């Protein structure tokens with residue numbers, strides 16, 4: 001038997017990467033799975049369900065398969081972009097940052113990858129910067145400040161040190 005192709009799995013968790021990966025709880029206000037060639041989602045969640053404080057915060061396993069590592073990374077990146085989850089912080093943007101990091105892409109990494117490369121000042125929302133700039137220019141040119149881009153839920157939680165986990169543990 002000959003091994004063919006390459007697969008990569010990303011554990012999608014209700015955790016806040018910008019707050020030491022603390023679990024986040026709440027209602028899945030929006031939950032849309034990615035689809036397409038080489039993409040599989042193993043989950044048991046539905047839109048409207050609650051992520052409880054009492055169990056593992058894993059939402060799903062997102063798996064991408066390709067003819068080689070490069071194609072698997074491309075498919076997983078696309079799948080992360082297509083995955084729509086709101087209501088809780090997730091590890092999706094962190095996963096995208098990891099799989100597109102030069103050390104991960106080259107395969108030259110070890111178990112200290114996060115310690116060596118990840119810090120709280122990394123902008124996990126970097127993939128949306130162009131869109132934010134365009135929206136800001138649009139809003140400025142039309143003089144409507146209400147349409148200026150707002151911080152993502154992840155940025156708001158990190159800047160406010162908001163955590164449903166902490167909130168509910170203290171109640």
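Details
- Taking 0.36 nm per residue of sequence separation and removing the Cα-Cα distance, the residue 11/residue 32 pair yields an extension gain of 6.0 nm.
- Size-normalised alpha-carbon gyration radius of the stretch 7-89, reference 2.2 N^0.38 Å: 1.12
All of the numbers you see were taken from the coordinates with simple rules; none came from a lab. Owing to the predicted nature of the structure, the values given are computational and were not obtained by experimental measurement.
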